[in-house]
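Q: The structure that follows is given in the form of structure tokens.
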There are 2 protein chains.
Amino acid sequence: MAPNLEPLFSARARLLKASDVRELLKYSQDPTVISFGGGLPSPEAFPVEDLRVIFEELLHEDNTPALQYGPTPGDPLLKNALATMLASRGIPAKADQIIVTHGAQQALELFGRVFLDPGDIAMVTQPTYLGIFTALSIYQPTYHGVPTDNEGILPDVLEENLQALAMDRIQPKFLYIVPTFHNPTGVTTSLRRRRALVDLAAEYEIPIIEDDPYYDVRFEGDPVPPIASLDKEGWVIYLGSFSKVLAPGFRVGFAHGPADLMGKMALAKQGVDLFTNGFGQRVAERYLSLGLMKKHLPRIRKLYRRKRDVMLATMKETWPDNAEWTRPLGGLFLWATVDPTIDTKALLPRAAQKGVIYVAGHGFYAGQPEVNHMRLNFSFPSDPNIRKGIGILGEALREEKGAPPLLVPMAK
Amino acid sequence: MAPNLEPLFSARARLLKASDVRELLKYSQDPTVISFGGGLPSPEAFPVEDLRVIFEELLHEDNTPALQYGPTPGDPLLKNALATMLASRGIPAKADQIIVTHGAQQALELFGRVFLDPGDIAMVTQPTYLGIFTALSIYQPTYHGVPTDNEGILPDVLEENLQALAMDRIQPKFLYIVPTFHNPTGVTTSLRRRRALVDLAAEYEIPIIEDDPYYDVRFEGDPVPPIASLDKEGWVIYLGSFSKVLAPGFRVGFAHGPADLMGKMALAKQGVDLFTNGFGQRVAERYLSLGLMKKHLPRIRKLYRRKRDVMLATMKETWPDNAEWTRPLGGLFLWATVDPTIDTKALLPRAAQKGVIYVAGHGFYAGQPEVNHMRLNFSFPSDPNIRKGIGILGEALREEKGAPPLLVPMAK
């Protein structure tokens, strides 16, 4: 009989709450359930042959530095390779402006640590990546949601909000945004609006945290310049990750921003985990420096484009007329809006029973959520499972409305 | 010109302070400096051939799960392998009582998060592993130091302290201890005192965090049972790491304790970094399950035993008479006590100039430090460098006292 430690827990521990996505991982380990839930890359997208080459190189290095302890801000070789990559995105970067983290998620947590006192305002898009809430919530910010549409965040509304806050002499600590192939909506913020964001950041002196894990996962169209590349003053902090373009299992992400801030984050990271796993860092470095990533990306893009198209086609074929969805030009997700009388969170257990899961839109909102959305991941499931699972969801949506089931046979 | 973000920083950010050891890593990247500083394993101790076998296996697994996202508490296969390993140490463990972390350091940080409100008491040995301070300090505990001697922590003094706190109705949140080949002193807490700790934990209802990264790095004598193995009530939380027996670059540690506590820590970890890098976890799992660790450990032990002996012999030969040091039976460190008029922190820059670094004892104390200690790592430097570096330190200690330099030539 274990002792009850709960009386010893901190007040903070009582604020801890599981994210909807992490909880879904339980189901997604069941191979019979078709998961549109997590943002898992397809195993087909992993560059296994490249990794074989890289591993062999790393085991041959003098003193195998990939296996040793390393400095907290990151492997100097990787930071150099990242600086080159950032330059190619129009972001001039020096090594001391970069910190390597255990996924971009860790960078979010470190921002909370460095920026937020209880009650401070953290601005997010509405909806937003839900990991920002699990990262920041123990720091007890007040979230301030800024609405979005099919062109991304609404800068006019943001400006009104910033003005109102300034009138009350309240300084928000930062704005967090995923401008490219947004998680959860798949929407890309337009260049025009990105420019507006940069102007507002400088005018209201508010850092923008630009989280850009999907930059290289574009299926069509030209890249839109990162917000950080438009910023001449240094208000934009830029985050990236190797989870979608190499593999999540190495857990390597990074942040770029003013050297003072990066130094503070490195100090914070020291106490948290000393340094980011050196093996994964050196794998990422080789993947970049040997030009393997550049060679591999077309394969990922082609694969995910096809999967997106299968999902879009099946939705068109099998979903009720009053459902809508985005058509992302890249990334891993699309965002469906269903009949306003359907609560997607209430629907989820029934869908799971039919063998399909997704993430209900609720968790992506600060404050009162819209209840009739779902985030659908198309990168992980196989083509037949996308067809089957989307068909099942279409049927579930019809049943929910008391509508008759589809009579035409489901696409195979 | 980057903007000044400092006015936006949290009050917490102002508490951040670099650990002495992490700062030393800067020097230790300079190959001309002989470092007795960090707790770096020798590159010779890395099981490179085993890793080649493991990597090839992991790249052949169906869907390469080592590269994919995984559940927050840890890879189920690794948790099973850890449960088996813990059982072999006399600790009956179930998978849901284990969480895998980015090094044991991350587990320390999660304890702070889950247990500590500002002003809460965290008990530590005096001296203690200094990473406990960088892990916990943002949670603003009051540290309470319990003295140690050559047999480890002093349970009688601990009991007096616990009694006094109980009289004041103050409940300390936990006692943190490295009982085996203690960092920094190298001392192993005796079985008798371990039993006394278990009794005190149950009597005063205080969790003990037993940090045991060096358990398998024993050069001589029989293993002393972990405190957790003596505990029938569940007050002892047990931490381990693969950094010293496999490689730090994979950044894999773990904690074992009551399922409720582990669940709370997993919730906390969700927001921090989602999960521990899956590649490193699966490497650790194979290293255990294929019996490779068991086969490899004798090589590590033999290597470090030799290095310890070289260090001890050179100290005996070259150090001033009034210096003393511990003779650890395992681990990575020994602890030197020099002339009480010498401040080892003041000596450090002069030693660095002569080409040798170590960690001054100061950082290992809660509150007022003793100033005439140094922690010396023997696992990383080569045998010739141990001889040379220890000789230089001996000379520096003599100079510090105005004593004449050694006239006999230094051992080669």
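The values are calculated or read from the model by the stated rules, or taken from the named source; none is laboratory data. Note that the structure is predicted; figures quoted are calculated from it, not measured. Cβ placement follows ideal geometry from the backbone for every residue including glycine, while neighbour counts extend to all protein chains displayed.
Q: Just to be sure before I move on: is residue B:314 modelled with pLDDT of 95 or more and assigned to a helix (DSSP H, G or I) in the structure I sent? Don't jump to the end; show me each part of the working.
A: Details: modelled with pLDDT of 95 or more: yes; assigned to a helix (DSSP H, G or I): yes.
Against the criterion (modelled with pLDDT of 95 or more and assigned to a helix (DSSP H, G or I)), residue B:314 qualifies.
Q: From (1) within 21 Å of residue B:39 (Cβ to Cβ); (2) part of a loop (DSSP other than H, G, I, E, B); (3) hydrophobic (A, V, I, L, M, F, W, C), pick out the condition that doesn't hold for residue B:170.
A: Failed condition: (1).
Q: So, residue A:27, is that one farther than 25 Å from residue A:217 by Cβ and either at pLDDT below 95 or part of a loop (DSSP other than H, G, I, E, B) (or both) or not?
A: On the way: farther than 25 Å from residue A:217 by Cβ: no; either at pLDDT below 95 or part of a loop (DSSP other than H, G, I, E, B) (or both): yes.
Considered against the rule, which asks whether it is farther than 25 Å from residue A:217 by Cβ and either at pLDDT below 95 or part of a loop (DSSP other than H, G, I, E, B) (or both), residue A:27 comes out as no.
Q: May I pose another question? Since residue A:345 meets every condition but one in (1) farther than 28 Å from residue B:67 by Cα; (2) in a helix (DSSP H, G or I); (3) in contact (Cβ under 8 Å) with a residue 40 or more places away in the chain, which condition does it not meet?
A: (3)
Q: Counting only residues that are aromatic (Phe, Trp, Tyr) and closer than 30 Å to residue B:364 by Cα, which one in region B:28-63 is nearest to the other protein chains (Cβ to nearest Cβ)?
A: We begin by selecting, within region B:28-63, every residue aromatic (Phe, Trp, Tyr); these are B:36, B:46, B:55.
Filter again for closer than 30 Å to residue B:364 by Cα, leaving B:36, B:46.
Details: B:36: 15, B:46: 5 Å.
Result: B:46.
Q: For residue B:117, state whether it is within 14 Å of another protein chain (Cβ to nearest Cβ) and assigned to a loop (DSSP other than H, G, I, E, B). Outline the logic, then answer.
A: On the way: within 14 Å of another protein chain (Cβ to nearest Cβ): yes; assigned to a loop (DSSP other than H, G, I, E, B): yes.
Yes.
Q: Anything in region B:261-284 that is within 7 Å of chain A (Cβ to nearest Cβ) and assigned to a helix (DSSP H, G or I)? List them, or say none.
A: So in region B:261-284, the residues within 7 Å of chain A (Cβ to nearest Cβ) come out as B:261, B:264, B:267-268, B:270-274, B:277-280.
Listed by number, the residues that qualify are B:261, B:264, B:267, B:268, B:270, B:271, B:272, B:273, B:278, B:279, B:280.
Q: Which one of these does residue B:296 not meet: (1) within 14 Å of chain A (Cβ to nearest Cβ); (2) buried (at least 24 other Cβ atoms within 10 Å of the Cβ)?
A: (2)
Q: Now, a different point. Just wondering, is there one or more residues in region A:79-98 that are within 9 Å of chain B (Cβ to nearest Cβ) and either at pLDDT 95 or above or outside any loop (DSSP other than H, G, I, E, B) (or both)? Walk me through how you get there before you give the answer.
A: Filtering region A:79-98 down to residues within 9 Å of chain B (Cβ to nearest Cβ) leaves A:97.
Subset that is either at pLDDT 95 or above or outside any loop (DSSP other than H, G, I, E, B) (or both): A:97.
Looking for residues that are within 9 Å of chain B (Cβ to nearest Cβ) and either at pLDDT 95 or above or outside any loop (DSSP other than H, G, I, E, B) (or both), one finds at least one in region A:79-98, hence yes.
Q: Looking at region B:326-342, is at least one residue within 23 Å of residue B:145 (Cβ to Cβ) and either polar (S, T, N, Q) or assigned to a helix (DSSP H, G or I) (or both)? Can you show your working first?
A: Pass one, region B:326-342, residues within 23 Å of residue B:145 (Cβ to Cβ): B:326, B:328, B:331-338, B:340, B:342.
Restricting the remaining residues to those that are either polar (S, T, N, Q) or assigned to a helix (DSSP H, G or I) (or both) gives B:326, B:337.
Yes, the conditions are met somewhere in region B:326-342.
Q: Can residue A:35 be described as more than 26 Å from residue B:49 (Cα to Cα), surrounded by 15 or more Cβ atoms within 10 Å (Cβ to Cβ) and modelled with pLDDT under 95?
A: On the way: more than 26 Å from residue B:49 (Cα to Cα): yes; surrounded by 15 or more Cβ atoms within 10 Å (Cβ to Cβ): yes; modelled with pLDDT under 95: yes.
Yes: the conditions hold for residue A:35.
Q: Does region B:245-260 contain at least one residue that is assigned to a helix (DSSP H, G or I) and touching a residue at least 40 places away in the same chain (Cβ under 8 Å)?
A: Going residue by residue through region B:245-260, those that are assigned to a helix (DSSP H, G or I) are B:248-250, B:259-260.
From the residues that got through so far, the ones that are touching a residue at least 40 places away in the same chain (Cβ under 8 Å) too are B:248, B:259.
Yes, region B:245-260 contains at least one residue that is assigned to a helix (DSSP H, G or I) and touching a residue at least 40 places away in the same chain (Cβ under 8 Å).
Q: Tally the residues that are at pLDDT 95 or above and outside any loop (DSSP other than H, G, I, E, B), restricting the search to region A:366-412.
A: 20
Q: Look through B:210, B:205 and report the one residue that is charged (D, E, K, R), more than 28 Å from residue B:244 (Cβ to Cβ) and in contact with a helix residue (DSSP H, G or I) (Cβ under 9 Å, 6 or more places away or on another chain).
A: Going through B:210, B:205 in turn, just one is charged (D, E, K, R), more than 28 Å from residue B:244 (Cβ to Cβ) and in contact with a helix residue (DSSP H, G or I) (Cβ under 9 Å, 6 or more places away or on another chain): B:205.
Q: Does region B:305-323 hold any residues that are closer than 12 Å to residue B:397 by Cα and not hydroxyl-bearing (Ser, Thr, Tyr), and which are they?
A: Just the residues of region B:305-323 that are closer than 12 Å to residue B:397 by Cα, to begin with: B:315, B:318-323.
Result: B:315, B:319, B:320, B:321, B:322, B:323.
Q: Looking for something surrounded by fewer than 21 Cβ atoms within 10 Å (Cβ to Cβ), out of contact with any Phe, Trp or Tyr (no Cβ under 7 Å at 6 or more places or on another chain), closer than 24 Å to residue A:7 by Cα and not assigned by TED's automatic domain parsing to the domain that holds residue B:39 - is there at least one such residue anywhere in region B:65-79?
A: No, that holds for no residue.
Q: Please go through region B:285-295 and pick out each residue that is out of contact with any His (no Cβ under 9 Å at 6 or more places or on another chain) and part of a helix (DSSP H, G or I).
A: Correct list: B:285, B:286, B:288, B:289, B:292, B:293, B:294, B:295.
Q: Sort through B:180, B:125 and tell me the only one that's touching a His at 6+ places or on another chain (Cβ under 9 Å) and either more than 22 Å from residue A:6 (Cα to Cα) or within 14 Å of chain A (Cβ to nearest Cβ) (or both). Can you show your working first?
A: On the way: B:180 fails: touching a His at 6+ places or on another chain (Cβ under 9 Å).
After ruling out the rest, the residue left standing is B:125.
Q: Further question: Quick check on region B:130-164: of everything there that is among the charged types (D, E, K, R) and either assigned to a helix (DSSP H, G or I) or within 14 Å of chain A (Cβ to nearest Cβ) (or both), which residue is farthest from the chain's Cα centre (by Cα)? Quick ask: steps written out before the conclusion?
A: Initial filter on region B:130-164 (among the charged types (D, E, K, R)): B:149, B:151, B:156, B:159-160.
Add one more test, that the residue is either assigned to a helix (DSSP H, G or I) or within 14 Å of chain A (Cβ to nearest Cβ) (or both), and what stays is B:156, B:159-160.
Numbers: B:156: 25, B:159: 25, B:160: 27 Å.
Once the filter is applied, the top-ranked residue is B:160.
Q: If you don't mind, there's one more thing I want to ask. I'd like to verify a number: residues in region B:364-373 that are out of contact with any Pro (no Cβ under 9 Å at 6 or more places or on another chain) and touching a residue at least 60 places away in the same chain (Cβ under 8 Å), how many?
A: In the first step, residues of region B:364-373 are kept if they are out of contact with any Pro (no Cβ under 9 Å at 6 or more places or on another chain); the result is B:367-368.
After this cut, where a residue has to be touching a residue at least 60 places away in the same chain (Cβ under 8 Å) as well, the list is B:367.
Number of matching residues: 1.
Q: Then there is this: Considering each residue of region B:225-234, count those that are surrounded by 20 or more Cβ atoms within 10 Å (Cβ to Cβ) and in a loop (DSSP other than H, G, I, E, B), and give that number.
A: Result for region B:225-234: 3.
Q: So residue A:215 ticks every box in (1) more than 10 Å from chain B (Cβ to nearest Cβ); (2) assigned to a loop (DSSP other than H, G, I, E, B); (3) surrounded by fewer than 19 Cβ atoms within 10 Å (Cβ to Cβ) but one. Which box is left unticked?
A: Result: residue A:215 passes all but (3).
Q: Report the residue count in region A:103-125 for those that are of a type outside the set (A, V, I, L, M, F, W, C) and either closer than 13 Å to residue A:256 by Cβ or within 14 Å of the chain's Cα centre (by Cα) (or both). Explain how you work it out, then say what you get.
A: So in region A:103-125, the residues of a type outside the set (A, V, I, L, M, F, W, C) come out as A:103, A:105-106, A:109, A:112-113, A:117-120, A:125.
From what is left, the residues that are either closer than 13 Å to residue A:256 by Cβ or within 14 Å of the chain's Cα centre (by Cα) (or both) are A:103, A:105-106, A:109, A:125.
Summing the residues that are of a type outside the set (A, V, I, L, M, F, W, C) and either closer than 13 Å to residue A:256 by Cβ or within 14 Å of the chain's Cα centre (by Cα) (or both) in region A:103-125 gives 5.
Q: So, one more: With the requirement that a residue be among the acidic types (Asp, Glu) and surrounded by fewer than 24 Cβ atoms within 10 Å (Cβ to Cβ), what does region A:103-162 give you?
A: First, the residues of region A:103-162 that are among the acidic types (Asp, Glu): A:109, A:117, A:120, A:149, A:151, A:156, A:159-160.
Across region A:103-162, the qualifying residues are A:117, A:120, A:149, A:151, A:156, A:159, A:160.
Q: Mind listing just one residue for me: the one in region B:39-64 that is outside the structural domain of residue B:268 (by TED's automatic domain parsing) and closer than 25 Å to residue B:273 by Cα and, of those, surrounded by the fewest Cβ atoms within 10 Å (Cβ to Cβ)?
A: B:40
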